[in-house]
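Undergrad: Could you have a look at this structure, given as structure tokens, before my questions?
The values are calculated or read from the model by the stated rules, or taken from the named source; none is laboratory data. Everything numeric in this text was worked out from a predicted model, so none of it was measured. Please note: Cβ atoms are built from the backbone with ideal geometry, for glycine as well, and neighbour counts cover all protein chains shown. Calculation scope for accessible area: heavy atoms of the full protein, side chains included, ligands and nucleic acids excluded. Shrake-Rupley method; radii C 1.70, N 1.55, O 1.52, S 1.80 Å.
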Amino acid sequence: MNVNGIHFRSIWLHKSNPEIVQIIDQRNLPHEFNIEDLTTVDDVISAIRDMHVRGAGLIGAAAGFGMYLAALEAVSKSDPYKYVMQAGLKLKTARPTAINLAAAVERQLNSLSNNLTVKQMISYTLNIAQAIADEDAQACYQIGIHGLELINNIAKQNNGEVINILTHCNAGWLAFVDHGSATAPIYAAHDAGIRIHVWVDETRPRNQGARLTAWELEQHGVPFTIIPDNAGGHLMQHNLVDLVLVGSDRTTYTGDVANKIGTYLKALAAKDTHVPFYVALPSSTFDWNLHDGILQIPIEERGADEVKTIQGLAHNKLTTVLLTTPTSNASNFAFDITPSRLITGLITERGICEPNQDAIFKLFPEKHKLD
Ligand code: MRU
């Protein structure tokens with residue numbers, strides 16, 4: 001997607017030095033647009049853990065490139081294969097909820113063996129890292145095509161009135177490699193001339209909606225309004241939302257969705273007010289081993305400081321301020337589970353399906369394990 005008219009992905013290899021991975025450091029957006037160089041697997045681990053990069057697809061892509069950097073570092077190690085294996089184990093612990101991270105590391109590790117030379121390991125891991133990034137961008141592009149059809153149908157029923165879409169967190173191109181998941185249909189519809197307006201949940205505590213989704217939409221020229229996290233239910237009760245569109249960090253094969261904390265409450269409100277609630281997800285977010293999101297998906301708990309403080313511009317300087325007494329306790333569950341019964345449909349790269357096992361396996365038959 002474009003930043004001030006220039007096309008960017010959210011992660012890429014340095015043009016003149018392919019041993020450097022570059023990312024957009026998302027921590028200071030929208031006030032500062034900083035590109036960061038990552039040269040070691042530890043750089044990648046910190047970037048994921050401290051959320052320079054974030055979002056399911058992007059942390060998967062970053063993990064893929066992290067394994068490539070580990071292979072480059074392995075040249076100077078006495079046991080290169082062991083070094084890369086251990087790097088993979090460390091990488092996997094950076095963040096627990098989005099399945100993409102562990103899946104990318106596994107995919108890299110499965111391509112390697114003790115018989116390979118370091119040179120081969122570097123070449124294999126680079127190819128796979130690039131494939132993970134390209135597949136993510138392509139899947140999100142396809143989600144845009146399928147989601148456009150859905151929005152088109154709503155537009156027809158609305159007689160050309162503006163379509164109001166509510167979204168939570170940032171399931172935009174910054175959360176993936178390009179296009180985004182929940183935003184891909186929005187961009188596609190806007191580009192097709194459908195009149196769209198987006199209600200952007202601010203998404204405390206890290207404000208990915210207010211800081212990142214709003215910035216993306218502004219860059220693309222899509223009209224939007226930032227709302228406090230608690231406003232969605234009220235808007236739905238007053239017919240001000242035509243569609244809720246969110247992303248997923250991990251999806252069970254039965255259609256339960258782990259997404260940014262607060263998503264569940266939006267789904268409850270949508271159910272009560274009969275507003276369609278769709279989740280846009282590349283199939284890379286499916287965990288084909290899990291059937292019960294509430295019982296089985298690990299929910300990340302982050303530091304209390306993210307809740308107790310807030311970051312913004314003060315006198316033109318990026319500043320973090322304390323909202324609470326210094327001694328207040330705060331809890332920070334980063335995700336919640338929206339059970340499939342509250343979801344109208346899943347928008348995947350292969351099409352839209354109902355959130356249930358039969359419909360999901362119909363779209364992805366190769367994932368169906370025979371008993
Ligand atoms: O904690 P984050 O910012 O990495 O959370 C990921 C998200 O942005 C959302 O949950 C998003 O809606 C899912 S799309 C990757």
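Undergrad: Sorted from largest to smallest, which semi-axis lengths in Å does the alpha carbon gyration tensor of region 229-275 give for its equivalent ellipsoid, taking the root of 5 times each eigenvalue? Mind dumping the intermediate values first?
TA: Working: eigenvalues 90, 24, 13 Å².
They are 21, 11, 8 Å, listed largest first.
Undergrad: Determine the per residue accessible area of the chain with all protein chains present and a 1.4 angstrom probe, expressed in square angstrom.
TA: Normalised by residue count, the accessible surface of the chain is 43 Å².
Undergrad: Also: Residue by residue, what Karplus-based ³J(HN,Hα) values in Hz, rounded to whole numbers, does region 332-341 have, using 6.51, -1.76 and 1.60 with θ = phi - 60° and x for Gly and Pro?
TA: 9, 6, 8, 9, 9, 10, 9, x, 4, 5
Undergrad: So, one more: Each residue of region 79-93 in turn: what ³J(HN,Hα) in whole Hz from Karplus with 6.51, -1.76, 1.60 and θ = phi - 60°, glycine and Pro shown as x?
TA: 10, x, 4, 4, 4, 5, 4, 5, 4, x, 4, 5, 4, 4, 8
Undergrad: Ignoring everything but the protein chains, give the 1.4 Å probe accessible area of Arg49 in square angstrom, nearest 10.
TA: Counting only protein heavy atoms, Arg49 exposes about 110 Å² to solvent.
Undergrad: For a bin width of 5 Å, list the pair-distance distribution of region 201-295 built from all Cα-Cα distances, rounded to whole %.
TA: Here the calculated profile for region 201-295 is 2, 13, 20, 22, 21, 14, 6, 2, 0.
Undergrad: Just subtract the alpha-carbon distance of Thr320 and Glu218 from 0.36 nm times their residue separation and send over the number in nm, one decimal.
TA: Details: separation 102, 0.36 × 102 = 36.72 nm, distance 2.39 nm.
Length difference between fully extended and current span is 34.3 nm.
Undergrad: Tell me the mean residue ellipticity at 222 nm calculated for the chain from its helices only (DSSP H runs of n ≥ 4, each -39500 (n - 2.57), averaged over every residue, nearest 500).
TA: -11500 deg cm²/dmol
Undergrad: Moving to a separate point now. Once phi is turned into θ = phi - 60°, what whole-Hz ³J(HN,Hα) does the Karplus curve with 6.51, -1.76 and 1.60 give for every residue of region 163-180, x standing for Gly and Pro?
TA: Running phi through 6.51 cos²θ - 1.76 cosθ + 1.60 with θ = phi - 60° gives 8, 9, 10, 9, 10, 10, 6, 10, 10, x, 5, 5, 8, 10, 9, 7, 6, x Hz.
Undergrad: Tell me which residues come under 5 Å, amide H to amide H, from Ile11 once H is placed; ignore anything under 5 positions away on its chain.
TA: Amide H neighbours of Ile11: none.
Undergrad: For region 196-285, give the magnitude of the charge dipole about the Cα centre (Cβ charges: +1 Lys/Arg, -1 Asp/Glu; no others), in debye to the nearest 20. If you can, show how the numbers build up before the last one.
TA: On the way: 7 positive and 9 negative charges, 39 e Å.
I would put it at about 180 debye.
Undergrad: Whenever you get a sec, compute what percent of the accessible area on region 2-135 sits on carbon and sulfur atoms (1.4 Å probe).
TA: On region 2-135, the fraction of accessible area on carbon and sulfur atoms equals 50 percent.
Undergrad: Run the dipole for region 160-313 about the Cα centre, Lys and Arg Cβ at +1, Asp and Glu Cβ at -1, nothing else charged, and hand back the magnitude in debye, nearest 20.
TA: Details: 10 positive and 18 negative charges, 35 e Å.
Around 160 debye, computed over region 160-313.
Undergrad: Carbon and sulfur: what percent of region 143-367's accessible surface (1.4 Å probe)?
TA: Working: 4830 of 9480 Å².
Reported share for carbon and sulfur atoms: 51 percent.
Undergrad: Let's test the formula: R0 of 25 Å, r as the Cβ-Cβ distance of Glu354 and Glu300. What FRET efficiency results, to the nearest 0.05? Please list the in-between numbers first.
TA: Numbers: r = 28 Å, r/R0 = 1.12.
With a Förster radius of 25 Å, E is 0.35.
Undergrad: Now for a different question. Can you pull a Stokes-Einstein diffusion coefficient for region 143-367 at 25 °C (0.890 mPa s), Rh from Kirkwood over Cα pairs, as a whole number of µm²/s?
TA: Working: Rh = 17.9 Å.
The diffusion coefficient I find is 137 µm²/s.
Undergrad: Amide H of Asp287 versus every other amide H placed in the peptide plane: which residues, excluding those fewer than 5 positions away on the same chain, fall under 5 Å?
TA: Placed amide hydrogens put Thr251, Thr252, Tyr253 under 5 Å from Asp287.
Undergrad: Farthest toward the dipole's positive end in the chain, which of Asn259, Gly193, His274, given Cβ charges of +1 (Lys, Arg) and -1 (Asp, Glu) about the Cα centre?
TA: Of the listed residues, the answer is Asn259.
Undergrad: What is the magnitude of the charge dipole of the chain about its Cα centre, with +1 placed on the Cβ of each Lys and Arg, -1 on the Cβ of each Asp and Glu, and no other charges, expressed in debye to the nearest 20?
TA: Working: 29 positive and 39 negative charges, 50 e Å.
Computed about the Cα centre, the dipole is about 240 debye.
Undergrad: How large is the Kirkwood hydrodynamic radius of region 2-135, counting all unique pairs of alpha carbons, in Å?
TA: Numbers: mean 1/r = 0.0678 Å⁻¹.
Evaluated on region 2-135, it is 14.8 Å.
Undergrad: Using only the Cα atoms of region 128-186, build the gyration tensor, take square roots of its eigenvalues as a ≥ b ≥ c, and label the shape rounded, prolate or oblate: rounded if a/c is under 1.5, else prolate if a/b is larger than b/c, else oblate. Walk me through the numbers on the way to the answer.
TA: Details: a/c = 4.96, a/b = 2.15, b/c = 2.31.
The shape class here is oblate.
Undergrad: If I build a Gaussian network model for the chain, linking alpha-carbon pairs within less than 10 angstrom, which residue out of Ala267, Ala330, Ala74 has the largest mean-square fluctuation?
TA: Maximum fluctuation in the GNM of the chain, among the listed residues, is at Ala330.
Undergrad: Can you tell me the order of 310-317, 241-248, 19-26 when each peptide is scored by its average per-residue count of other Cβ atoms within 10 angstrom, highest first?
TA: Numbers: 310-317: 10.6, 241-248: 26.1, 19-26: 20.1.
Top of the packing list down: 241-248, 19-26, 310-317.
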